């Protein structure tokens, strides 16, 4: 697993705002729903909190200057610079970090957040490129 997982102060306020919205969603919905339910609720919470976001943001992949047909879709891009990947699993695993690292490499963004609604309390991990 390449990349660093640490809290170095990168986008601290934005991260705090995003996680606060996610905590509210889990507080209201609890656990047990599929990812699209949390994604929809989180979009509503982001709107209520004036957190700028793009939902299911298409990420293009280039190979030697040629755009590939295969696309990735990040659950959210918040504040125009933070990748947000939602999960509803028992625990976050290395493949989830790898997925976010791929998104960061594609976009050249520096911060990704993995938010897992499948655990109580809500689990969040920062992935920094």
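The values are calculated or read from the model by the stated rules, or taken from the named source; none is laboratory data. The structure displayed is predicted, hence computed values, not measured ones. Ideal geometry is used to build each Cβ from the backbone, glycine not excepted, and the neighbour counts take in all protein chains shown.
Restricting attention to the range 55-70, the residues that are surrounded by fewer than 13 Cβ atoms within 10 Å (Cβ to Cβ) and part of a strand (DSSP E or B) add up to 10. Within this structure, residue 73 fails the test of being part of a helix (DSSP H, G or I), in contact with a strand residue (DSSP E or B) (Cβ under 9 Å, 6 or more places away or on another chain) and either in contact (Cβ under 8 Å) with a residue 40 or more places away in the chain or exposed (fewer than 15 other Cβ atoms within 10 Å of the Cβ) (or both). Does the range 96-110 include one or more residues that are free of Cβ contacts under 8 Å to residues at least 24 places away in the same chain and in contact with a helix residue (DSSP H, G or I) (Cβ under 9 Å, 6 or more places away or on another chain)? Scanning the range 96-110 turns up no residue that is free of Cβ contacts under 8 Å to residues at least 24 places away in the same chain and in contact with a helix residue (DSSP H, G or I) (Cβ under 9 Å, 6 or more places away or on another chain). Evaluate the following for residue 22: is it over 13 Å from the mean Cα position of the chain (by Cα), closer than 21 Å to residue 120 by Cα, modelled with pLDDT of 95 or more and surrounded by 11 or more Cβ atoms within 10 Å (Cβ to Cβ)? For residue 22, the condition - over 13 Å from the mean Cα position of the chain (by Cα), closer than 21 Å to residue 120 by Cα, modelled with pLDDT of 95 or more and surrounded by 11 or more Cβ atoms within 10 Å (Cβ to Cβ) - is not met.
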